[in-house]
1. Would you mind listing the strands (runs of 3 or more DSSP E) fully within the range 17-91 where at least 3 residues are in contact (Cβ under 8 Å) with a residue 60 or more places away in the chain?
2. From the list Asn80, Asn109, Asn60, pick out the single residue that is more than 21 Å from His35 (Cα to Cα) and surrounded by fewer than 11 Cβ atoms within 10 Å (Cβ to Cβ).
3. I'm told Gly111 meets every condition in (1) in contact (Cβ under 8 Å) with a residue 24 or more places away in the chain; (2) farther than 30 Å from Ala135 by Cβ; (3) among the small types (Gly, Ala, Ser) except one. Can you identify the failing condition by its number?
4. Please go through the range 1-42 and give me each residue that is of a type in the set (A, V, I, L, M) and within 33 Å of the chain's Cα centre (by Cα), ordered by number.
5. Mind counting the residues in the range 79-103 that are acidic (Asp, Glu) and either more than 17 Å from Val26 (Cβ to Cβ) or at pLDDT below 95 (or both)?
6. Tell me whether the range 45-52 contains one or more residues that are modelled with pLDDT of 95 or more and among the hydroxyl-bearing types (Ser, Thr, Tyr).
7. Inspect all residues belonging to the range 101-108 and state whether any of them is free of Cβ contacts under 8 Å to residues at least 60 places away in the same chain and among the hydroxyl-bearing types (Ser, Thr, Tyr).
8. Tally the residues that are among the aliphatic types (A, V, I, L, M) and part of a strand (DSSP E or B), restricting the search to the range 1-16.
Amino acid sequence: MSRHLYRPTIEWRRIAQYAPVQVDGVGLNNEDGSHRQQVLFDCQAGTRVVVKRNLKSTDNSNAVALFLRDGRQIGYLTQNVAAWVAPLLESIGGAFDAEIWSLDRVPANDGRTQIGCTVALTQFESLVVERFSWALAFAAVVRLSAKTTKWTASQVASMMPSSVKRPAGLFGSAAASNEDGGVYGQASAALGLETADHR
């Protein structure tokens with residue numbers, strides 16, 4: 001089939017799924033004033049998490065932040081995990097998806113307990129593939145039909161007698177044929193016949 005009927009599209013392919021990793025910074029406040037403990041309190045296992053590079057961090061050049069889909073941050077990846085995730089996020093065609101794996105009560109720095117969180121990371125890469133396009137196929141059929149119709153009309157017009165192509169009315173065309181040596185007169189002359197005026 002013609003390659004003109006295929007359209008390049010970008011598809012994401014899952015290439016790796018990693019064991020759950022701990023989330024850092026779950027006891028901090030967000031820039032919008034919300035507390036990450038309250039954000040995690042509203043979550044459950046299986047909640048989707050957005051993985052983003054945090055280029056504003058001054059403590060870790062490879063900082064990778066974790067957000068819910070509504071934009072609320074739940075924390076960061078640990079430094080050792082972010083060290084290999086960050087370059088992949090910055091590469092062309094690299095992406096990560098994540099989901100909350102577990103939520104547990106863990107000791108906080110002040111001796112109290114807080115909600116701890118682990119996330120499962122999934123790595124994706126983008127691929128450019130060519131897929132058959134019904135829209136392009138339909139457009140091609142319309143163009144072909146238009147060309148075929150135009151060609152057929154021109155062929156039919158070229159085979160039609162001039163008297164048919166340029167009608168001047170039923171009686172007017174008959175009179176013109178007799179007076180001007182039209183189709184009837186030309187045929188009679190070719191056969192050696194004489195034409196008579198019956199008016």
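1. Of the strands (runs of 3 or more DSSP E) lying wholly inside the range 17-91, those with at least 3 residues that are in contact (Cβ under 8 Å) with a residue 60 or more places away in the chain span 21-24.
2. It is Asn80.
3. (1)
4. Met1, Leu5, Ile10, Ile15, Ala16, Ala19
5. Looking only at the range 79-103, we keep the residues that are acidic (Asp, Glu), and these are 90, 97, 99.
If we keep only those that are either more than 17 Å from Val26 (Cβ to Cβ) or at pLDDT below 95 (or both) too, we end up with 90, 97.
Residues in the range 79-103 being acidic (Asp, Glu) and either more than 17 Å from Val26 (Cβ to Cβ) or at pLDDT below 95 (or both): 2 in total.
6. Yes: the range 45-52 contains one or more residues that are modelled with pLDDT of 95 or more and among the hydroxyl-bearing types (Ser, Thr, Tyr).
7. No, because not a single residue in the range 101-108 is free of Cβ contacts under 8 Å to residues at least 60 places away in the same chain and among the hydroxyl-bearing types (Ser, Thr, Tyr).
8. Keep residues of the range 1-16 that are among the aliphatic types (A, V, I, L, M), which gives 1, 5, 10, 15-16.
Pick out the ones that are also part of a strand (DSSP E or B) and you get 10, 15-16.
Final tally of qualifying residues: 3.
The values are calculated or read from the model by the stated rules, or taken from the named source; none is laboratory data. The structure presented is a predicted model; accordingly, all values stated were derived computationally and were not measured. Cβ atoms come from the backbone with ideal geometry, glycine included; neighbour counts cover every protein chain shown.
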